[in-house]
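Below: the structure, in structure tokens.
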Amino acid sequence: MKFVILTGMSGAGKSTALKIMEDIGYFCVDNLPIALIEKFAELASAQDAELQKVAVGVDIRSGQALDELQNILDKLRQAGKFFDILYLDSMNEVLVKRYKETRRTHPLAGGERVDRGIHEERKRLAFLRKQADYIIDTSNMLTRELKAELEKIFVQNQDYKNLFITIVSFGFKYGIPTDSDLVFDVRFLPNPYYVEGLRAKTGNDQEIQEFVMQYKEAGQFLDKLEDMIKFLIPNYIIEGKTQLVISVGCTGGKHRSVTLANGLYERLQNQKEFGLKIEHRDIQKDALRNK
């Protein structure tokens, strides 16, 4: 039997994840009283039980009873009951924004600010995050991307390293993405903006790609960047990093940065050690048409 404890920060997407788990064949129970988890695991793993895959949602709503969870986990391990802990996390500023958008009150905030409740929740859930088999940072994830990550783990049984990489193209004139971990400036390459017939196109168009990549420096940049990223990734994984944002910028975020961000994405997309997606933040800004 596959037994999963799904936990994590309030607002990080646990309810959505439970629905996805249900869709992929798991029997899901949310907010089961802590005192019943041991008995439930015992019943679910019985030889005559029909349940083959079970997911239990556990979070801060358990109140003071959450303090008893460590003892229960230890008892399950001692009894030879195998389980995985899936922990959903998100950056504090993202959680605050989500709470403001939904106008919900954080369960630990009381009459205080939301960020105070988030800080307290992190402290109380730290023991679960430390033991988690899988950590998914949903800060920059869409629902379909979360679904893809859960399917990698629980359907395709891929070796999962808890790291999700987002490659972002942007324009320096609009500011560097605030959540960037690594920022690369590709304004050293000739700008197709000043070439007749290319200004209105983007790095997603073949003409722009051919223009940018005709310069040997573009290929050399991608070679060196790929080599550095592949060096950093296993070290980030060891360090426990779960979210990496690589930002590639040019002047307007429409031509050179898009081309090279796409190039980096193509070089990394077949790696199984991490999740990967790409965003072109400023590609639609200053949409100019050729006259």
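Data for the structure
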read-out	value
Residue-span extension gain [Leu232 to Leu51] - 0.36 nm each, minus C-alpha spacing	61.0 nm
Long-range amide H partners of Val183 with built H, under 5 Å	Ser247
Residue-normalised accessible area of the chain, expressed per residue, 1.4 Å probe, Å²	53
Cα-projected label distance for Asn92 with Arg116, points at 7 Å along beta-carbon direction, nm	1.4
Helical mean residue ellipticity (222 nm; -39500 (n - 2.57) per DSSP H run of 4+; nearest 500) of the chain	-12500 deg cm²/dmol
Table column - 3J(HN,Hα) (Hz), the range 63-68, Karplus curve with 6.51, -1.76, 1.60, x for Gly and Pro	x, 5, 5, 4, 5, 8
Relative contact order of the chain, pairs being alpha-carbon contacts under 8 Å that are 6 or more residues apart, as %	20
GluC sites (Glu not before Pro) lying in DSSP loop within the range 108-174, provided at most 15 other Cβ fall within 10 Å	Glu112
Per-selection metrics, the range 152-256 (Cα): Rg and Dmax in Å	16.4, 51
Gained length - Val183 relative to Asp223, 0.36 nm times residue gap less alpha-carbon distance	12.8 nm
Chain lengthening between Arg77 and Asp286 when straightened (0.36 nm per residue, less Cα-Cα)	69.4 nm
Where Met21, Met213 fall by accessible area, highest first, once all protein chains stay in place (1.4 Å)	Met213, Met21
Efficiency of FRET between Glu101 and Glu207 - r from beta-carbon atoms, R0 45 angstrom, step 0.05	0.70
For the range 76-204: relative contact order, % (alpha-carbon pairs under 8 angstrom, 6 or more apart)	22
Taking the range 1-124 and dividing mean pair separation by its residue count, relative contact order in percent (alpha carbons under 8 Å, at least six apart)	35
With every protein chain in place, the chain: carbon and sulfur % of accessible area (1.4 Å)	48
Area accessible to solvent at Asp223, 1.4 Å probe radius, in Å²	80
Tyr174 accessible area, 1.4 Å probe, all protein chains in place, Å² to nearest 10	80
Rg/Rh for the range 78-219, where both radii come from Cα atoms and Rh is the Kirkwood radius	1.11
Efficiency of FRET from Cβ geometry, Asn270 and Lys39, R₀ 41 Å, rounded to 0.05	0.40
Solvent exposure ordering (accessible area, 1.4 Å, most first) of Lys14, Lys2, Lys216, Lys39	Lys216, Lys39, Lys2, Lys14
Reach of Lys100 by Cα under 30 Å, taken over lysines that are not fewer than 8 positions away in the same chain	Lys14, Lys19, Lys123, Lys130, Lys147, Lys173, Lys241, Lys277, Lys285
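The values are calculated or read from the model by the stated rules, or taken from the named source; none is laboratory data. Owing to the predicted nature of the structure, the values given are computational and were not obtained by experimental measurement. Reconstructed Cβ throughout: ideal geometry from the backbone, glycine too, with neighbour counts over all protein chains shown. Heavy atoms of the whole protein, side chains included, go into the accessibility calculation; ligands, DNA and RNA do not. Shrake-Rupley method; radii C 1.70, N 1.55, O 1.52, S 1.80 Å.
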